[in-house]
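*Asks:* Here it is: the structure, laid out below.
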């Protein structure tokens, strides 16, 4: 039986992910194949120079838009207008991403933030849908923390959950986007996204980046695709089953949830959820 744990708090989910990691990760790592990164003049030097040049001009061109976004954000959610969050980048170095805030900082009784769906504003939904909240990422690209094309930077607590194959994402710079080369008609699952990131790391080249930049523009201008990406999803990544398939928050095997419930003497998931909001 699979259980949806999306309503649990972040700390509760992290605890359950720990049970999954302890049970399966070592076994999964024994099955994954080694990854050979693409090493060329472009990956070592050319890609970074393109990032610097493009991000500089992007920051200059979008500065009027960013000014308008700053003003609207101030009236929408108040101060601070900039949202900062730590992510894991190349070589496992922690860096800070910057975005205009589009959610209120509403917390539950334990001081933990409510799910984003309960905190995002109407304006926030608009800037997310149009990707305007991503414009400040050009600052991170100019600094060298990110690249134009590369794996999306993950939250820090995901790092310990990834298998050795998917940890390849920490050997290259994260990026604004890393779409699939071929068009797909659905929102990518975690499994598909991570596999695609590893494929990119093994095949990175100037021509591939050019093709993927056109794919990014294609996706951004496709209203149906943007809408699908903003509403679909299997939930957060929790770990892997014994076969190496990703386990999602919306479908966690019952035995891990039972371990969590028994540890805290909860009689049911409903009791655990209620305890969060006490």
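Any read-out appearing in this document is the output of simple, stated calculations on the displayed coordinates, not a laboratory observation. What you are looking at is a predicted structure, and each value in this text was computed from that prediction instead of being measured. Don't worry about glycine lacking a Cβ; one is built from the backbone with ideal geometry, like all the others, and counts go over all protein chains shown.
*Asks:* Once you keep just the Cα pairs under 8 angstrom separated by 6 or more residues, what percentage relative contact order results for segment 235-278?
*Replies:* 22
*Asks:* Could you please state, rounded to a whole Å, how far the C-alpha centre of segment 83-104 is from the C-alpha centre of segment 1-29?
*Replies:* Here the answer is 23 Å between Cα centres.
*Asks:* So if we plug the beta-carbon distance of residue 242 and residue 160 into 1/(1 + (r/R0)^6) with R0 = 22 Å, what FRET efficiency do we get, rounded to 0.05?
*Replies:* That gives a FRET efficiency of 0.75.
*Asks:* Please report 268, 205, 131, 140 as a ranked list, fewest other C-beta atoms within 10 angstrom at the top and most at the bottom.
*Replies:* Neighbour counts put them in this order, fewest first: 268, 205, 131, 140.
*Asks:* Let me ask something else about it. For segment 38-237, what's the relative contact order in percent, using C-alpha pairs closer than 8 Å and at least 6 residues apart?
*Replies:* So the answer I get is 22 percent.
*Asks:* Still on this structure, I have one more. Checking the a/c ratio against 1.5 first, then a/b against b/c, what shape does the Cα gyration tensor give for segment 36-81?
*Replies:* Here segment 36-81 falls in the prolate category.
*Asks:* Please give, to one decimal in nm, the separation of the simple spin-label points placed at residue 92 and residue 37, each 7 Å out from Cα toward the Cβ.
*Replies:* If labels sit at residue 92 and residue 37, their model points lie 1.4 nm apart.
*Asks:* Restricting to DSSP H runs of at least four residues, report the calculated mean residue ellipticity at 222 nm for the chain, -39500 (n - 2.57) per run over all residues, nearest 500 deg cm²/dmol.
*Replies:* After summing the helix terms and dividing by residue count, I get -13500 deg cm²/dmol.
*Asks:* State the extension gain, in nm to one decimal, for the chain segment bounded by residue 10 and residue 59, taking 0.36 nm per residue of separation less the distance between their alpha-carbons.
*Replies:* Full extension of this stretch gives 14.2 nm more.
*Asks:* Grab the alpha carbons of the chain, take their convex hull, and tell me the volume per residue in Å³.
*Replies:* Dividing the Cα hull volume of the chain by its residues yields 136 Å³.
*Asks:* So what is the relative contact order of segment 1-141, in percent, for Cα pairs below 8 Å that sit 6 or more residues apart?
*Replies:* 22
*Asks:* Measure off 7 Å from each Cα along the Cα-to-Cβ vector at residue 171 and residue 270, then give the distance between these two points in nanometres to one decimal.
*Replies:* Between residue 171 and residue 270, the label points sit 4.9 nm apart.
*Asks:* Given axes a ≥ b ≥ c from the Cα gyration tensor, I'd like to know whether segment 1-96 is rounded (a/c under 1.5), prolate (a/b larger than b/c) or oblate.
*Replies:* Verdict is oblate for segment 1-96.
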